[in-house]
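Reviewing the structure listed below.
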Amino acid sequence: MVGSRLCQIPVKQIMVDPQILRERFRIVQSKRESLLRLLEQPDLGTLRIDVNQALEELDDLIDDFDRTFPDSPLSGNGGN
């Protein structure tokens, strides 16, 4: 049975250095400015909905990151 074979596959734990994660996340966060500039375009049409959604999700991700790593907040609010 396929399902029982899948359970036997070992799962590797991947340890990520928190500093590397912070650096990579800052790169992702830097894309927020691009989304804001795109949102200012008057001819965006229905794409505006997608850009707004992307901004909301990115803001949620930044908040989650700040809660996970309170010693290095990215939102600029001091981790609060």
Handout entry: Cβ-based exposure ranking for 46, 68, in which fewest neighbours within 10 Å come first
Key = 46, 68
Practice task
Pull out the extension gain between residue 36 and residue 22, defined as 0.36 nm times the separation in residues minus the alpha carbon to alpha carbon distance; nm, one decimal.
Solution key: 2.8 nm
Problem - Protection-proxy order for peptides 50-56, 30-36, each taking the mean of Cβ atoms within 10 Å per residue, highest first - result: 50-56, 30-36
Practice task
Please work out whether the stretch 20-67 counts as rounded, prolate or oblate from its C-alpha gyration tensor, where a ≥ b ≥ c are the square roots of the eigenvalues and a/c under 1.5 means rounded, while otherwise a/b larger than b/c means prolate and anything else oblate?
Solution key: prolate
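Read-outs: derived from the displayed coordinates by stated rules, not from any lab. Computed from a prediction, not measured in an experiment: that's the story for all the values here. With ideal geometry, Cβ positions are generated from the backbone for all residues, glycine too; neighbour counts draw on all protein chains shown.
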